[in-house]
Ligand code: ADP
Ligand code: MG
């Protein structure tokens with residue numbers, strides 16, 4: 001994985017590369033013939049009169065674990081919101097083959113929200129509050145929590161959960177709708193060392209899964225090197241889209257990492 005990329009990389013894919021990548025790109029995108037769970041085609045987004053994303057094109061094959069990296073303000077969260085349908089692109093399109101599960105950044109979540117884990121998880125099945133949980137829903141919530149080793153959290157108040165536990169509950173909430181793609185926006189930020197280690201194990205399991213694809217935004221180098229099957233480096237546009245060995249350890253990318261290492 002850490003092999004130096006060949007300078008004269010002749011494995012140029014047959015289809016033309018995305019317009020935002022130079023034709024001489026040394027980065028290896030996935031095989032275009034694979035079944036895709038997500039295709040982002042020429043997406044541009046304007047916010048507050050400014051172009052935030054410019055002609056972004058990439059796809060995620062079934063089961064692939066993609067790490068989305070880039071400096072602060074690069075438009076990573078904006079891209080995720082566009083994939084989730086929360087932001088309408090000025091041009092281009094997003095094509096999904098199934099449901100998307102979303103795990104938010106912990107710091108965007110109001111920790112005093114008066115609800116239990118089971119209510120938060122079931123609300124995602126229903127698409128709304130308030131929730132009076134039925135027995136069948138409770139069973140599904142318990143199963144979703146069991147998938148992330150959090151069964152005992154079922155009836156806990158969200159306010160009483162640690163950072164790692166909160167993210168486990170959000171992971172179960174995302175998984176309960178049987179998504180084809182999981183989208184995680186800096187899930188380890190604001191989580192203590194132990195919680196982060198536990199989350200990492202779960203992320204590695206997801207990475208190994210051939211069924212569930214994921215897009216992980218993180219500044220945590222350990223998370224990237226342990227989970228990424230491919231890396232998309234975004235800075236308003238696609239700067240690089242390739243294999244971990246083609247990006248990690250390169251001076252150009254190393255400055256990106258370390259941001260969430262010392263939080264909390
Ligand atoms: P990242 O997640 O990579 O740090 P964001 O997607 O959050 O970046 O933000 C990208 C840029 O878009 C930033 O300059 C940010 O200030 C701007 N931005 C984000 N949301 C809005 C908004 N609702 N209105 C105007 N500008 C926004
Ligand atoms: Mg962000």
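The values are calculated or read from the model by the stated rules, or taken from the named source; none is laboratory data. Treat the numbers as computed from the prediction; the structure is a model and nothing was measured. Every residue, glycine as well, gets a Cβ built from its backbone with ideal geometry; the counts of neighbours run over all protein chains shown.
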Revision key, fill the gap. Those residues of region 43-56 which are on the phi > 0 side of the Ramachandran plot and away from ligand 2 (no atom under 16 Å from the Cβ) amount to 49, 55
Review point. If you go through region 103-114 one residue at a time, do you hit one that is within 11 Å of the chain's Cα centre (by Cα) and farther than 21 Å from residue 256 by Cα?
Key: yes
Study note, to complete from the structure: For region 215-230 the number of residues that are more than 16 Å from ligand 2 (Cβ to nearest atom) and either under 18 Å from residue 59 (Cα atoms) or within 12 Å of the chain's Cα centre (by Cα) (or both) is 4
Review point. What tally of residues in region 168-210 results from selecting those that are under 15 Å from residue 223 (Cα atoms) and either outside any helix (DSSP H, G or I) or within 16 Å of ligand 2 (Cβ to nearest atom) (or both)?
Key: 10
Review point. Residues in region 202-217 that are within 16 Å of ligand 1 (Cβ to nearest atom) and out of contact with any helix residue (DSSP H, G or I) (no Cβ under 8 Å at 6 or more places or on another chain): how many?
Key: 0
Exercise for review: Answer yes or no as to whether residue 245 is more than 16 Å from the chain's Cα centre (by Cα), closer than 26 Å to residue 113 by Cβ and in a helix (DSSP H, G or I).
Suggested key: no
Check your understanding: Looking at residue 199, is it under 19 Å from residue 144 (Cβ atoms), touching a helix residue (DSSP H, G or I) at 6+ places or on another chain (Cβ under 8 Å) and either without any contact (Cβ under 8 Å) to a residue 60 or more places away in the chain or assigned by TED's automatic domain parsing to the domain that holds residue 141 (or both)?
Key -> yes
Practice item. From the list 56, 60, 94, pick out the single residue that is in the same structural domain as residue 241 (by TED's automatic domain parsing), under 23 Å from residue 209 (Cα atoms) and either in a helix (DSSP H, G or I) or touching a residue at least 24 places away in the same chain (Cβ under 8 Å) (or both). Key: 60
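Residues checked against (1) within 16 Å of the chain's Cα centre (by Cα); (2) away from ligand 2 (no atom under 16 Å from the Cβ):
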| residue | (1), (2) |
| --- | --- |
| 41 | no, yes |
| 58 | yes, yes |
| 62 | yes, yes |
| 70 | yes, no |
| 82 | yes, no |
| 131 | no, yes |
| 144 | no, yes |
Study note, to complete from the structure: Selection from region 134-150 of residues part of a loop (DSSP other than H, G, I, E, B) and surrounded by fewer than 18 Cβ atoms within 10 Å (Cβ to Cβ) yields 134, 149
Review point. Of the residues in region 63-74, how many are buried (at least 21 other Cβ atoms within 10 Å of the Cβ) and near ligand 1 (Cβ under 7 Å from one of its atoms)?
Key: 2
Review point. What residue, of 153, 125, is more than 22 Å from residue 210 (Cα to Cα) and surrounded by fewer than 19 Cβ atoms within 10 Å (Cβ to Cβ)?
Key: 125
